[in-house]
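Working notes for the structure below.
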Amino acid sequence: MAAPTRLLLRRVIRLSHRCNNVPAAGVSARSRCCWGPSTCRCFSDVAGDRSTHFGFETVPETEKAERVYKVFKNVAQKYDTMNDVMSLGIHRLWKDMLLHVMHPQPGAQLLDVAGGTGDISFRFLEYVHSQQERQKRRMARSVQTPSSQDISNNYSTEHEDTPQESRAVVCDINKEMLNVGRKRADSMGISAGLSWVVGNAEELPFDDDQFDIYTIAFGIRNVTHIDQALQEALRVLKPGGRFMCLEFSKVTNPVLARMYDTYSFQMIPVLGEVIAGDWKSYQYLVESIRKFPEQEEFKHMIEDAGFYCVKYHNFTGGVVALHSGFKL
């Protein structure tokens, strides 16, 4: 009982700070506009001289979002190609593992934040469809030589019990990435149950308790205030909803870590220049990975945001980690 009690105390203290923190003259503070009836989450930043990291560079907080936007605007057209080249295609396996762990059922509502070109949402819809087909086959096998009346009854029951249609919402702050995703969806013939929304992970444009699953894949390290993004994830999830974050992390094997660092810093920016014509953006992406919290630290951040049963799985020796937690 001690750990849940400490977590509850931390949440109460943090909430009291948010509600009561009135800055003195000349002292900047982050204000919120949404403790009333509205579900607007207007995290207005008066950042003053506060700074944060942009890769290995220190920049004012107010500049980071714009810089990150420019990075992904520059790489949007070659983003998927570069993912395949940089990871030798392994990123596809990591995303498949995310869906395997998620195991969504028909009717699930997904919010894919920083969803960019739609990789996670496409997999989600395909997975749910395969689950629906599997359920239909299982039902058909369970009915042995039915009469016409049985068939009629089963048909009526099936339609009465049909769950809510699954839906995937791709939310990204970058319009160029979303445009690439829409074109991909059109070329793949995917439209049903899929929508595209421009939105900031720190100020999601959705009401409370809307989604069963929240995913963010290779995006949260680019957020200026990770704690706010986690709080927003908690807010928009339904009770019982699941948070899932796939992100580059800390390599656990020393030999692999040295090889990974060499490849990252000496090869990836070169590939970015050759394929996407952009060295600097991929230099930033490599540096941003090194600035992201290690697995245990990020796990504690998710717990501090209010999630329970937080766990993580390392993939490829910790090159990538999948963190997940639940809203109770």
| message | Below 8 Å, C-alpha to C-alpha, sequence gap of six or more: please give me the relative contact order for the range 197-296 in percent. | response | 26 percent
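From the convex hull of the Cα coordinates of the range 171-328, what is the mean projected area in square nanometres?
Result: 10.3 nm².
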| field | Zone residues, the range 109-124, relative to Val198, backbone N less than 11 Å from point 7 Å out along Cα-to-Cβ | value | none
| query | Among 81-88, 318-325, how do they line up from the highest to the lowest mean number of other beta-carbon atoms within 10 Å? | reply | 318-325, 81-88
| note | Mean Cβ-within-10 Å packing, highest first, puts peptides 218-231, 177-190 in the order 218-231, 177-190
| said: Sort 243-254, 129-140 by packing, meaning the average of other beta carbons within 10 Å per residue, with the highest value first. | reply: 243-254, 129-140
| Reciprocal of mean inverse Cα separation for the range 230-280 (Kirkwood radius, Å) | 14.2 Å
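Every number in this text was worked out from the coordinates using simple rules, so none of it is lab data. Owing to the predicted nature of the structure, the values given are computational and were not obtained by experimental measurement. As a convention, Cβ positions derive from the backbone with ideal geometry for all residues, glycine included, and neighbour counts pool all protein chains shown.
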